[in-house]
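Colleague: Take a look at the following structure, please.
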Amino acid sequence: MDITTIVFWFLSALALFSAIMVITRKNPIFSVLWLIIVFFAISGHYLLLNAQFLAVVNIIVYAGAIMVLFLFVLMMMNLENLPVVNKNIWMKFLGVISGGLLLCILVSTSKSAADMNLKTIIMKEGNIGLIENLGKVLFTKYALPFEISSILFLSAMVGAVVIGKKES
Amino acid sequence: MMFLLTIDWAFFLEKLILIAIVITLSLVIAMYATYAERKIAAFMQDRIGPNRAGPFGILQPLADGMKLFFKEEIIPNHSNRFLFIMGPALAMLTAMMTCAVIPWGNKVELFGRSIPLQIADINIGILYIFAVVSLGVYGIMIGGWASNNKFSLLAAMRGASQVISYELAMGISLIALLMLTGSLSLKTIVEQQMQAGHFWNIAYQPLGFLIFFICAMAECNRAPFDLPEAENELNMGYHQEYSSMKLGFYLFAEYINMFISSAVIVTLFFGGYDMPFVNETLLTPNMAALVGVIAFFAKIFIFIFIFMWIRWTLPRFRYDQLMNLGWKGLILLALANMLITAAIILYRM
């Protein structure tokens, strides 16, 4: 067992524990704070795979921007005093079943997928996650999907502005 | 079962000592920045400033620190105790974390080892700084919310929206610089600026520097951007409920941020540890490192002075002016700067 393995198990345990804490907290602000820890643990996993760019962008975008906005809204609305909705036991029951089924499908497809079979993870020496290689691949091989997704983002932004402006 | 961990102890020790030195240095400089700020404010307002503790009041920061340590610690009744303590701790932590990627000087030869004066030369140095800066807002937000005070919460919201808004312009102004350097490693950027026949990046990116500098000022919550602690609108801002050293941490984090932002600005735009008009390659490595460190800190101090100069010269922005400047002024300028830089690079290729 070397340092990489120890770090891997530590990060995995941290990610799972924090993820469970996210969905069990009563106060949504604590959920968001635990979610930030989940993002850090996942960024740690990216670092183990030598994908430094992905790791740091994950922090910038999710922990640094999106979660700040989440906190922003939650702190402003002060959700603590709202009554808890949807306490019906049957709803919970159905939720557990459908969630479990989704998990089964995800696990079985990822286990049987041809891309996953007989492949091992490249720790520390893979270089596709480095910024140079990633940039080259994005702008040559995947240029079209990349541009399409950026247009999608742009339209979502314009849409948000339009919806936000309707009020006044 | 026992596992043997192979650790290069000399490397470990070297980095540990370097981290200790850098953190101590940041703390001492932040401490004396408070003294410098009061002296400069006094000078600008035709006063004398602190002059009681020690010669020229040189012991004043120590006295202030002692006072803060001995103050009574008050935690409001209805606040979340854990988050209330975590707020200032986070502010301090994020302020200190940035110094890990800044190259403080070139290599030093000691005990037959060549020690680079940089804690970690990662190939995404600038993005790392950007990530830590974007996390800096949590200290303010968590502290403001955990105080359970409406003024604190409002101030924290202001701080968060200000930091998010100015991060955008900052990032775009950096993209233009990165297109020129072609590297995200701070060490490489400094070495490029040190080459013969290559000027400092300020010569190629004057507008980018101006935008970056304004945004850095906004990210540090310094006047004229100190909206989160606007005392005449929000009592004292997000740290109103804080007392003792927890308040000290918030105030101190601001000065560390100022020091680190100056260091980043110098690294990116003003040649880092490059002493102008001196060819470092002709000196012995240790001498060159010494000259470099002195030059680097001299430049940093000049920028800290400019930060203070601006604070005591300009009045605070109104909130809508702040947002207008950020969203309608700086982002547009930064985008134009980026496009022009890209077009010139493409033309010269």
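Colleague: Residues B:I115, B:I74, B:I119: which one is more than 29 Å from B:P224 (Cα to Cα), away from chain A (no Cβ under 13 Å), more than 23 Å from the chain's Cα centre (by Cα) and in a loop (DSSP other than H, G, I, E, B)?
Modeller: B:I74
Colleague: Related question: If we only count helices (runs of 4 or more DSSP H) wholly inside the stretch B:243-349, which ones have 2 or more residues that are open to solvent by 10 Å² or more (accessible area, probe 1.4 Å) and out of contact with any helix residue (DSSP H, G or I) (no Cβ under 9 Å at 6 or more places or on another chain)?
Modeller: Once the helices (runs of 4 or more DSSP H) in the stretch B:243-349 are filtered for at least 2 residues that are open to solvent by 10 Å² or more (accessible area, probe 1.4 Å) and out of contact with any helix residue (DSSP H, G or I) (no Cβ under 9 Å at 6 or more places or on another chain), what remains is B:285-311, B:319-324, B:331-348.
Colleague: Are any residues in the stretch B:46-58 exposed (fewer than 15 other Cβ atoms within 10 Å of the Cβ) and not polar (S, T, N, Q), and if so, which ones?
Modeller: B:D46, B:R47, B:I48, B:R52, B:G54, B:P55, B:F56, B:I58
Residue by residue, here is whether (1) within 27 Å of B:F199 (Cα to Cα); (2) at pLDDT below 90; (3) under 27 Å from the mean Cα position of the chain (by Cα) holds:
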{"position": "B:P285", "(1), (2), (3)": "yes, yes, no"}
{"position": "B:A289", "(1), (2), (3)": "yes, yes, yes"}
{"position": "B:G292", "(1), (2), (3)": "yes, yes, yes"}
{"position": "B:I300", "(1), (2), (3)": "yes, no, yes"}
{"position": "B:R316", "(1), (2), (3)": "no, yes, yes"}
{"position": "B:W327", "(1), (2), (3)": "no, yes, yes"}
{"position": "B:A336", "(1), (2), (3)": "yes, no, yes"}
{"position": "B:I340", "(1), (2), (3)": "yes, no, no"}
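Colleague: Here's another thing I want to ask about it. For the condition under 21 Å from B:I102 (Cβ atoms), at the interface with chain A (Cβ under 10 Å from one of its Cβ atoms) and modelled with pLDDT of 85 or more, what is the one hit in B:G182, B:G139, B:G171? Give the steps one after another, and end with the answer.
Modeller: Working: B:G182 fails: modelled with pLDDT of 85 or more; B:G139 fails: at the interface with chain A (Cβ under 10 Å from one of its Cβ atoms).
Unique residue meeting the criteria: B:G171.
Colleague: Another one. When the residues of the stretch A:1-40 are filtered to those that are among the polar types (S, T, N, Q), modelled with pLDDT under 90 and part of a helix (DSSP H, G or I), which remaining residue is nearest to B:L90 (Cα to Cα)?
Modeller: A:S31
Colleague: For residues that are within 11 Å of chain A (Cβ to nearest Cβ), surrounded by 24 or more Cβ atoms within 10 Å (Cβ to Cβ) and modelled with pLDDT of 85 or more, tally how many sit in the stretch B:156-168.
Modeller: 0
Colleague: What are the pairs with Cβ atoms under 6 angstrom where one residue, in the stretch A:7-35, is in the same structural domain as A:L69 (by TED's automatic domain parsing) and the other, located anywhere, is open to solvent by 90 Å² or more (accessible area, probe 1.4 Å)? Sequence gap at least six, or different chains.
Modeller: A:S31/A:R25; A:V32/A:F70
Colleague: Checking the conditions here, which among A:V32, A:V38 is buried (at least 17 other Cβ atoms within 10 Å of the Cβ), more than 14 Å from chain B (Cβ to nearest Cβ) and closer than 30 Å to B:M141 by Cα?
Modeller: Going through A:V32, A:V38 in turn, just one is buried (at least 17 other Cβ atoms within 10 Å of the Cβ), more than 14 Å from chain B (Cβ to nearest Cβ) and closer than 30 Å to B:M141 by Cα: A:V38.
Colleague: Also: With the requirement that a residue be open to solvent by 30 Å² or more (accessible area, probe 1.4 Å) and touching a residue at least 60 places away in the same chain (Cβ under 8 Å), what does the stretch B:97-107 give you? Spell out the reasoning first.
Modeller: Filtering the stretch B:97-107 for residues open to solvent by 30 Å² or more (accessible area, probe 1.4 Å) gives B:97, B:106-107.
Matches in the stretch B:97-107: B:N106, B:K107.
Colleague: Taking the residues in the stretch A:41-81 that are assigned to a loop (DSSP other than H, G, I, E, B) and surrounded by fewer than 20 Cβ atoms within 10 Å (Cβ to Cβ) as candidates, determine which candidate is farthest from the other protein chains (Cβ to nearest Cβ).
Modeller: Only one residue tops the list, namely A:L49.
The values are calculated or read from the model by the stated rules, or taken from the named source; none is laboratory data. Because the structure is predicted, anything quoted here is derived from the model rather than measured. Note that we place each Cβ from the backbone using ideal geometry, even for glycine, and neighbour counts take in every protein chain shown. We work out accessible area using only protein heavy atoms, side chains counted, and drop any ligands, DNA or RNA first. Shrake-Rupley method; radii C 1.70, N 1.55, O 1.52, S 1.80 Å.
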